[in-house]
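The values are calculated or read from the model by the stated rules, or taken from the named source; none is laboratory data. What you see is a predicted model; the values in this text were computed from it and never measured. Please note: Cβ atoms are built from the backbone with ideal geometry, for glycine as well, and neighbour counts cover all protein chains shown. The protein model used for the area step is the full one, side chains on, heavy atoms only, and it has no ligands, DNA or RNA in it. Shrake-Rupley method; radii C 1.70, N 1.55, O 1.52, S 1.80 Å.
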Amino acid sequence: MLFFDLCIQGVIQGAIYALIALGLTLVYGLLRILHVAHAALFTLGGYIGVIVTNGSGSFLLALFTSMLIVAVVGMSSYTIIYKPLLNRAPLISLIASIGIFIASEELFRIFFGAYGLSYINPPLQGQIEILSGVSLSHARILVVVLAIGLLSGVGWLAINTRVGIAARATVIDPQMAASSGINVEIIRYGSFFIGSAFAGAAGVMVSLLNNLVEPTMGAVPSYKALAIIVLGGLGNVRGALVASLALGIIESFGTIYVGHLLDRDSIAFAFLIMVLMVRPQGLLARG
Amino acid sequence: MAYEIVVLTNMAIAVLFALSLNVITGFCGQVSLGHAAFLGIGAYTSAMLSKEGVPLIITFIPAMGMAALIGLIVGVASLRVRHDFLAITTMGVVFLFTGIVRKQEILGGEIGIAGIPAPDFGRVGLFATSLLCVLAYLLLTIWIRRSWTGFAFDSIAEDEDTARLLGINVPKFKLFAFVVGTAGAGLAGALYAHQVRFIGPDSFGFVESISVLAMVIVGGIGSIWGVILAAAFLSALPQFFQVIDDYKLLVYGLLLFGAMRFAPEGIDGLLKKIVRRRAVK
């Protein structure tokens, strides 16, 4: 049953990566910026999730509040960090973003303490037996359902609505889109809104799975999410989702089979480098 | 006095480390988010040898050689990827380095290598050695800057495709930049290992790679004097900050952001602006 267990682990991890990576890849597609500070939003989401759940007793309320607040903070990150630097070399925004990310970890520590927070009554802990011998907690199932729901929602928006079409046009050619009357700024704010909200949701779900939020919980996901969007072919949303799932599964098998040679976090990068050597443009090229 | 010597030695090592990245990122325009891995390779090589009784000065050669060899391999791999892909690949290199070191018993695993012998010429001697190394490397980079290689680097940094069109052998120059840069980092690593006398995988992670890149960018990409000033200033910063130790990272992060937001050309750009204003008057 080990094989099956590892697959499920991988899918759950992949779902979390996908929620985080979506925002990053949207931002990259629109602005050509590696948005490292995205991971700070993920951490913020986790904190809000725990605090609201402990305060109100409703996990659902916490999830929504967290997504909403994080989305607004994410939009303001565009105004504060990236908008003034749009005409600079991408490296400048990257360093600015890393600076904000480093500062944010410290802010979380100052506001919420160094030891992290936990749920008083962790919700959704019931187990369901999905196959004989394999049971999963409700929380784990919710992660996957939430990821599929949110991501297919965005996919539907992108394909079927005027806003979605405008957004895709802006990604392909911002100037042409602007001259066809699309308000590029609104598209950018919208992408930050959606991407950040998803990162917030991922933060809440990870805080629930580990029953812990701490100031540094964003560090590893932030680097890995960068690896994922590069792996998927920068700015390619579909590629990022495929890469998230692939990485989740490879990590869960890798930790068992090559764990004595490499630690978990470097497996992702070993895989990344191997793929880039064969396909320098990522798994799926831009399109 | 001993304390000042330690701070000054740290500054010298940081300057050497930043100058070495400046060759790759500043001169040749190849962004590296994983330069600390080469500092680590130099540090580990030198530390292992000096524990076997090899004198520090002799370990410089294998430390530089090892770093440059791995640098060459990474360079060859990097020829295939560009821009942001390159940035993330080099970031992968530093994670691979720490990931591999963590799992190797010979390299001390998670715990690292302790009890690295002190150099037999004492603290002041180590400072003098570091200063000499910085000076030698500085002369090397100034020479590169002024030679034809420097022009070729410039053109590659500006526009790779045009450089190729002009008949510049782009891969050759990129590899040269990687070898010179990573060898410098290896030398800095050897000095670092004997300065702190304890090294572990956490000393050479992503954060250290970002710090050194920050030094290069705050100094002004490609500017030798700007980078020296920025490296000396940023590496001494924690000493001034000891009063506000709790908020050190907060201040550092905001400083990085502020520098990018308000002076994206770095110290070099600021100085030039001042000089220009004087000239107008």
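Okay, here's what the table says:
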{"read-out": "Sole residue being more than 14 Å from every other protein chain (Cβ to nearest Cβ) and surrounded by 20 or more Cβ atoms within 10 Å (Cβ to Cβ), chosen from B:I274, B:I199", "value": "B:I199"}
{"read-out": "Region A:242-285: number of residues that are in contact with a Leu (Cβ under 7 Å, 6 or more places away or on another chain), in a loop (DSSP other than H, G, I, E, B) and within 12 Å of chain B (Cβ to nearest Cβ)", "value": "1"}
{"read-out": "Filter result (more than 19 Å from the chain's Cα centre (by Cα) and loosely packed, with under 15 Cβ neighbours inside 10 Å) within region B:57-78", "value": "B:I57, B:I58, B:V76"}
{"read-out": "Which numbered condition B:E158 misses (of (1) acidic (D, E); (2) open to solvent by 50 Å² or more (accessible area, probe 1.4 Å); (3) in contact with a helix residue (DSSP H, G or I) (Cβ under 8 Å, 6 or more places away or on another chain))", "value": "(3)"}
{"read-out": "Per-region count, region A:87-117, residues open to solvent by 50 Å² or more (accessible area, probe 1.4 Å) and more than 12 Å from chain B (Cβ to nearest Cβ)", "value": "2"}
{"read-out": "Residue check for A:I182: touching a residue at least 12 places away in the same chain (Cβ under 8 Å) and either within 14 Å of chain B (Cβ to nearest Cβ) or under 30 Å from A:F3 (Cα atoms) (or both)", "value": "no"}
{"read-out": "Matching option when the condition is closer than 30 Å to A:L117 by Cβ and in contact with a His (Cβ under 9 Å, 6 or more places away or on another chain), among A:A199, A:A268, A:A219, A:A227", "value": "A:A199"}
{"read-out": "Test: residue in region B:202-219 that is touching a strand residue (DSSP E or B) at 6+ places or on another chain (Cβ under 8 Å), open to solvent by less than 20 Å² (accessible area, probe 1.4 Å), part of a loop (DSSP other than H, G, I, E, B) and of a type in the set (G, A, S)", "value": "no"}
{"read-out": "Members of region A:30-65 that are β-branched (V, I, T) and not in a helix (DSSP H, G or I)", "value": "A:I33, A:V36"}
{"read-out": "Residue match in region A:38-57 (condition: more than 30 Å from B:V31 (Cβ to Cβ), modelled with pLDDT under 85 and open to solvent by 30 Å² or more (accessible area, probe 1.4 Å))", "value": "yes"}
{"read-out": "Boolean, A:L107 is in contact (Cβ under 8 Å) with a residue 40 or more places away in the chain and of a type in the set (A, V, I, L, M, F, W, C)", "value": "no"}
{"read-out": "Residue count for region A:66-104, restricted to those that are without any contact (Cβ under 8 Å) to a residue 12 or more places away in the chain, of a type outside the set (V, I, T) and either within 18 Å of B:V31 (Cβ to Cβ) or not in a helix (DSSP H, G or I) (or both)", "value": "6"}
{"read-out": "Conditions (1) in a helix (DSSP H, G or I); (2) surrounded by 15 or more Cβ atoms within 10 Å (Cβ to Cβ): number failed by B:V124", "value": "(2)"}
{"read-out": "Enumeration of residues in region A:206-241 that are open to solvent by 10 Å² or more (accessible area, probe 1.4 Å), more than 11 Å from chain B (Cβ to nearest Cβ) and part of a helix (DSSP H, G or I)", "value": "A:V206, A:L209, A:N210, A:P221, A:V237, A:R238, A:L241"}
{"read-out": "Tally, over region A:152-188, of residues that are exposed (fewer than 15 other Cβ atoms within 10 Å of the Cβ) and outside any helix (DSSP H, G or I)", "value": "5"}
